[in-house]
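Engineer: Before anything else, here's the structure in question.
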Amino acid sequence: MNRFESVPTTWDDERDGQFFRIVSHLLQCPVLEAASCLLAANDSETATA
C-alpha cells in the first residue's frame, strides 16, 4: 500500500470535469465560486507576466 497521495499537476478534461459536475451538486455556490477563483489565480496559462 502506498502511503503517499498523488495529486495530478495537469488538467484532465474527462476526470476533472466529472469531479466538478459531482461536487457542484454537493457544495454551495459561494464555495464553488471561491474555489474557482483560487484555481484561476494559480493558472499559469492566464497569469500576467
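The values are calculated or read from the model by the stated rules, or taken from the named source; none is laboratory data. What you see is a predicted model; the values in this text were computed from it and never measured. Please note: Cβ atoms are built from the backbone with ideal geometry, for glycine as well, and neighbour counts cover all protein chains shown. These accessible areas exclude ligands, DNA and RNA; they are computed on the full protein's heavy atoms, side chains included. Shrake-Rupley method; radii C 1.70, N 1.55, O 1.52, S 1.80 Å.
Engineer: Name the single residue, out of those in the stretch 37-49 being open to solvent by less than 90 Å² (accessible area, probe 1.4 Å) and among the aliphatic types (A, V, I, L, M), that is modelled with the lowest pLDDT.
Structural biologist: Among those that are open to solvent by less than 90 Å² (accessible area, probe 1.4 Å) and among the aliphatic types (A, V, I, L, M), it is Ala47.
Engineer: Pick from the stretch 21-36 the residues that are outside any loop (DSSP other than H, G, I, E, B) and open to solvent by 80 Å² or more (accessible area, probe 1.4 Å): which of them is modelled with the highest pLDDT?
Structural biologist: Filtering the stretch 21-36 for residues that are outside any loop (DSSP other than H, G, I, E, B) and open to solvent by 80 Å² or more (accessible area, probe 1.4 Å), the one modelled with the highest pLDDT comes out as Pro30.
Engineer: Turning to a different aspect of this structure: Residue under question is Asp16, and the condition is that it be out of contact with any strand residue (DSSP E or B) (no Cβ under 7 Å at 6 or more places or on another chain), open to solvent by less than 80 Å² (accessible area, probe 1.4 Å) and modelled with pLDDT of 75 or more; does it hold?
Structural biologist: Yes; evaluated as a whole, the condition is true for this residue.
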